[in-house]
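The values are calculated or read from the model by the stated rules, or taken from the named source; none is laboratory data. Not measured: the values here are computed from a predicted model. Neighbour counts run over all protein chains shown; Cβ positions are idealised from the backbone, glycine included.
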Amino acid sequence: MGHTTTSPPVTVIGLGPMGRAIAGAFLAAGHPTTVWNRTADKAGDLLTRGATWADGPQAALQASELTVVCVVDADAVEAVLDRALAESDHRRLPATTLVNLTSEAPRRTRELALRVDGLGMAYLDGAIMTPAAVIGTETTRILYSGPAALLDRHRPTLAALGGAAVHLGADPGRAATFDVALLNLFWTSITGLMHSFALAARQEVPATALAPHAQQMAQLMADLLPALAAEIDGGSFSGEGSAALTSVAASLEHIVHALDETEVPSAVTRAAKEVVDAAVAAGHGGDAPVRLAEFLSRGAAAGQPPARSGAA
């Protein structure tokens, strides 16, 4: 397809499913797009659509003012930077803006941002909250962190990815924090759902029979979420008018027994019960479940099962 002269060039490094979707969205929006991946075979369709293949990371960074990298983790980003340096005659890399859409922990992300800055590039971090299939559509949602002015400068180009681009703040690790927190919510919820389907199946209840009721339960959680968050931020942990943690512990005990009776592994629910039991043992038995957020935020000591009397 032809490119208009008003569309600035962009580079995409990393051509897994998400990287290919990102590059495809830039191409569809008319941006001259340079791509690079550790293995070249994933670029075939993009090259057919008009993308340009870079001979290496250094050439890829040099090709555009904006480079989007989407690889497996921060170590892979570091490997790309190392190879680019090896290909360069300088100790600094091209003065491009590096938009890192790689999932990683917040502290590691901040370390990477410092290194990128030291190499002469500008850095924005981003967390993609939608699957690859919807990149380029209005359903896309990407959370960014880093200098607001930097995001504003490249917002017209990044708009090719579609949907909402939300700036969370200057801290480069903030988007990664949202990313891991929200993915933790999603995957522990999916795991819990599969666990419930397994329990129901052992009692000859089909997943399709349980699903409408599970959907109502999920909606209840969604409806409660804003008030629960406000209680946490406001430090309101009273169990009056809510299920106290002692009651939650008893409910979890019943669930563990049901799982054991049906021979469905109960480790997931036992782990949740151990956290509740530890909070109760710490004197929070009369508090509401929102206390668990504050309790767990205390660090490694929180969430450990209470010591058994007479233990060696």
Unmet criterion (only one of (1) within 24 Å of L27 (Cβ to Cβ); (2) touching a strand residue (DSSP E or B) at 6+ places or on another chain (Cβ under 9 Å)) for T137: (2)
Boolean, L151 is of a type outside the set (G, A, S) and either buried (at least 17 other Cβ atoms within 10 Å of the Cβ) or at pLDDT below 95 (or both): yes
Candidate set from the stretch 165-188 (those that are in contact with a Gly (Cβ under 7 Å, 6 or more places away or on another chain) and either in contact (Cβ under 8 Å) with a residue 40 or more places away in the chain or over 23 Å from L150 (Cα atoms) (or both)); member that is surrounded by the most Cβ atoms within 10 Å (Cβ to Cβ): A175
Unique residue being assigned to a helix (DSSP H, G or I) and at pLDDT below 95 when the list is V256, V268, V276: V268
Hits in the stretch 279-303 - residues which are in contact (Cβ under 8 Å) with a residue 60 or more places away in the chain and either of a type in the set (D, E) or not in a loop (DSSP other than H, G, I, E, B) (or both): A293, E294
Residues satisfying the stated conditions in the stretch 196-222, i.e. farther than 25 Å from A267 by Cβ and either small (G, A, S) or touching a residue at least 12 places away in the same chain (Cβ under 8 Å) (or both): A209, A222
Some residue of the stretch 82-92 being touching a residue at least 24 places away in the same chain (Cβ under 8 Å), out of contact with any strand residue (DSSP E or B) (no Cβ under 6 Å at 6 or more places or on another chain) and surrounded by 21 or more Cβ atoms within 10 Å (Cβ to Cβ): yes
Scope the stretch 234-283; condition closer than 15 Å to L296 by Cβ and of a type in the set (D, E, K, R); matching residues: K273, E274, D277
Helices (runs of 4 or more DSSP H) wholly inside the stretch 1-66 that include at least 1 residues being within 16 Å of V99 (Cα to Cα), out of contact with any His (no Cβ under 8 Å at 6 or more places or on another chain) and not basic (K, R): 17-28, 57-62
So L47, is it out of contact with any Pro (no Cβ under 6 Å at 6 or more places or on another chain) and without any contact (Cβ under 8 Å) to a residue 24 or more places away in the chain: yes
Count - residues of the stretch 225-236 that are surrounded by 12 or more Cβ atoms within 10 Å (Cβ to Cβ), in a helix (DSSP H, G or I) and either within 24 Å of the chain's Cα centre (by Cα) or of a type in the set (G, A, S) (or both): 3
Single match in R20, R107, R49 (criterion: under 25 Å from A149 (Cβ atoms) and either in the same structural domain as D171 (by TED's automatic domain parsing) or of a type in the set (F, W, Y) (or both)): R107
Enumeration of residues in the stretch 116-134 that are outside any helix (DSSP H, G or I) and under 20 Å from V180 (Cα atoms): Y123, L124, D125, G126, A127, I128, M129, T130, P131
Some residue of the stretch 30-45 being under 20 Å from G126 (Cβ atoms) and of a type in the set (A, V, I, L, M, F, W, C): yes
Test: S251 is over 28 Å from the mean Cα position of the chain (by Cα), part of a loop (DSSP other than H, G, I, E, B) and of a type outside the set (K, R): no
Answer from A76, A84, A113 - the residue that is within 19 Å of P9 (Cβ to Cβ), among the aliphatic types (A, V, I, L, M) and assigned to a helix (DSSP H, G or I): A84
Test result for A222, aliphatic (A, V, I, L, M) and surrounded by 11 or more Cβ atoms within 10 Å (Cβ to Cβ): no
